[in-house]
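K.L.:
Submitted below is the structure of interest, expressed as structure tokens.
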Amino acid sequence: RCVVLRFLKSPPNQNKTPEEILQHLQNIVDFGKHVMKQFFGENYVHHGEIIQLPLDFVRQLCLKVQPERPESRCDKDMDTLSGYAMCLPNLTRLQTYRFVEHRPILCIEIKPKCGFIPFSSHVSQEIKHKVCRYCMHQHLKVANGKWKRPSKYCPLDLFSGNKQRMHFALKSLLQEAQNNLKIFKNGELIYGCKDDQDCISDWNELARHLKPFFFPSNGLVSGPHCTRTIVKELIHVITMTLLSSTDACRAGDMKTVPISQGRSYCEASAFNKELIRNGKHKLESSGLPRGCLLYKTLQAQMLDMLDIEGLYPLYSRVEQYLEEFPEERSTLQIDGPYNEAFYEKLLDLSTEDDGTVAFALTKVQQYRIAMTAKDCSIMIALSPCLQDECSEQRPVVLTSKSRFTFSVSVLDLDLKPYESIPHQYKLDGKIVNYYLKNVQAKDDPVMSSLFKENEDCTLVLHKV
């Protein structure tokens, strides 16, 4: 039936009752249905349904799955006691046209991350207004041994809507996929990271898989030229599908956050540095078409209007209130239910703090939505189609030698936990401090000479 079963995982010795598990899963379904569908639109969000399975089947399944799980994920156990699971469509397959299922299917999964630079006046370190969170975090992750090398990918390039910048961003993702890019062929992972360190990034191998999709008549010679051409075609197709709008509905009645509030490029972006090296100081900005999924994702991300630095005091205000009145937790809908009333409260975009708990709570909930949108994945499923099949009803993207029908979906839309806010606040400080100390200092010749005080230096004066 081309579906996926999704089970809850939890740390060992933290067993929840079947009722609690059912409630947790119901919250995930309701959140997708009543909240994220409003932001992203009907066609992009698949919230799934809850089903109950025989416990014996679940246990056997768990035994089969366990050896396949990456080591870094094995700190949590799969729930085998409740029998409840979520049933979702398999997004590595085409979502719109069941009858082309016998065709080969290519699917690209992208985790675009946060596509804007904070514009909040609460930001205490100037660097946060210049360099994006993703680019700064890369350095800390490499230092901590999570990745071997920093990636040249910068989310602001992908979200720019400028094709040249988008191509550069996608090429960087293909070079250093990390956790941000995976490619599936007929549902099997052929490119990307299986776990933190194990990155498969052989372009020639990838080209071998993709050649029948892009050059069906096999008219292209093999070798590096062939590989480059196929990768170029792939990047072109991903760009076109990301900029397409396959959803007629408006994203709810969301007032949009003006994108112009933030700066549209990141100073650490390799694309930006390349431009400056070539003597160009102006980035062409194109902007995203309003109906496309990247635009909707960015709008949801920009509900983080205060930055974690402005939000943390508001979180503390809510916490203080809950300490005094713990019974109010359910009235405030912190743990659900995620219904229309919850969504309505998110539409208040005012940033004038009136000192109330209600204001603080609205901002906290908006921040959680923004965090969810910053961590979601976009799935692009492509299937070759013949010219006479491509009717008006289906979105189609063309390449030089072939044409594809496609569907775009968004997943990983579980609401980020309220309890994770203190962790986010600490992590933010860590990322910025590490970047200022270890990276910016090296880039800045004046600063770097201060750090190398013990070295002998000669000052050379030139006549000007």
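The values are calculated or read from the model by the stated rules, or taken from the named source; none is laboratory data. Computed from a predicted structure; not experimentally measured. Cβ atoms come from the backbone with ideal geometry, glycine included; neighbour counts cover every protein chain shown. Areas reflect the complete protein model, heavy atoms only, side chains present, ligands, DNA and RNA absent. Shrake-Rupley method; radii C 1.70, N 1.55, O 1.52, S 1.80 Å.
K.L.:
Mind checking which residues of the range 403-437 are under 21 Å from the mean Cα position of the chain (by Cα), among the polar types (S, T, N, Q) and in a strand (DSSP E or B)?
P.N.:
Across the range 403-437, the qualifying residues are Ser407, Ser409.
K.L.:
Identify the residue in the range 204-226 that is touching a helix residue (DSSP H, G or I) at 6+ places or on another chain (Cβ under 7 Å), open to solvent by 30 Å² or more (accessible area, probe 1.4 Å) and modelled with pLDDT of 85 or more and, among all such residues, is nearest to Cys385 (Cα to Cα).
P.N.:
In this case the residue turns out to be Lys211.
K.L.:
Can you spot a residue in the range 111-120 that is under 30 Å from Arg93 (Cβ atoms) and among the aliphatic types (A, V, I, L, M)?
P.N.:
No.
K.L.:
Conditions: (1) at pLDDT below 90; (2) crowded, with 18+ Cβ neighbours inside 10 Å; (3) in contact with a strand residue (DSSP E or B) (Cβ under 9 Å, 6 or more places away or on another chain); (4) polar (S, T, N, Q). Thr241 meets all but one. Number of the miss?
P.N.:
With respect to (1) at pLDDT below 90; (2) crowded, with 18+ Cβ neighbours inside 10 Å; (3) in contact with a strand residue (DSSP E or B) (Cβ under 9 Å, 6 or more places away or on another chain); (4) polar (S, T, N, Q), Thr241 is out only on (1).
K.L.:
How many of the residues making up the range 244-278 are modelled with pLDDT of 70 or more and exposed (fewer than 13 other Cβ atoms within 10 Å of the Cβ)?
P.N.:
4
K.L.:
Of everything in the range 18-73 that's basic (Lys, Arg) and modelled with pLDDT under 90, which residue is nearest to Leu294 (Cα to Cα)? Can you show your working first?
P.N.:
Here is the first cut: in the range 18-73, the residues basic (Lys, Arg) are 33, 37, 59, 64, 69, 73.
Those left that are additionally modelled with pLDDT under 90: 69, 73.
Working: Arg69: 30, Arg73: 29 Å.
Only one residue tops the list, namely Arg73.
K.L.:
Could you grab me the full set of residues in the range 124-149 that are touching a Cys at 6+ places or on another chain (Cβ under 9 Å) and crowded, with 18+ Cβ neighbours inside 10 Å?
P.N.:
Those that are touching a Cys at 6+ places or on another chain (Cβ under 9 Å) and crowded, with 18+ Cβ neighbours inside 10 Å: Val131, Cys132, Arg133, Tyr134, Cys135, Trp147.
K.L.:
List pairs: first residue in the range 337-350 and over 22 Å from Gln23 (Cβ atoms) and polar (S, T, N, Q), second residue surrounded by 14 or more Cβ atoms within 10 Å (Cβ to Cβ) and at pLDDT 90 or above anywhere in the structure, Cβ distance under 9 angstrom, at least six positions apart or on different chains.
P.N.:
Listed pairs, sorted by first residue: Ser350/Phe359; Ser350/Thr362.
K.L.:
Filter the range 89-144 down to residues that are among the hydroxyl-bearing types (Ser, Thr, Tyr) and at pLDDT below 95 and give me whichever is nearest to His209 (Cα to Cα).
P.N.:
Thr92
K.L.:
From the list Ser400, Ser383, which residue is among the small types (Gly, Ala, Ser) and surrounded by fewer than 19 Cβ atoms within 10 Å (Cβ to Cβ)?
P.N.:
Criteria check complete, one pass: Ser400.
K.L.:
If a residue has to be at pLDDT 80 or above and touching a Leu at 6+ places or on another chain (Cβ under 7 Å) to count, how many in the range 279-292 make the cut?
P.N.:
Residues in the range 279-292 being at pLDDT 80 or above and touching a Leu at 6+ places or on another chain (Cβ under 7 Å): 3 in total.
K.L.:
Just for helices (runs of 4 or more DSSP H) wholly inside the range 283-353: which have at least 1 residues that are of a type outside the set (D, E, K, R), surrounded by fewer than 17 Cβ atoms within 10 Å (Cβ to Cβ) and in the same structural domain as Met166 (by the TED database)?
P.N.:
Filter on the range 283-353 gives 307-324, 340-345.
K.L.:
Hey, can you tell me all the residues within the range 118-158 that are assigned to a helix (DSSP H, G or I) and among the aliphatic types (A, V, I, L, M)? Lay out the reasoning, then the answer.
P.N.:
Residues of the range 118-158 that are assigned to a helix (DSSP H, G or I), as a first pass: 126-129, 133-143, 155-158.
If the condition is that a residue be assigned to a helix (DSSP H, G or I) and among the aliphatic types (A, V, I, L, M), then Ile127, Met136, Leu140, Val142, Ala143, Leu156, Leu158 are the ones that fit.
K.L.:
Continuing with the same structure: Exactly one of (1) at positive phi; (2) in contact (Cβ under 8 Å) with a residue 12 or more places away in the chain is unmet by Asn13. Its number?
P.N.:
That leaves (2) as the condition not met.
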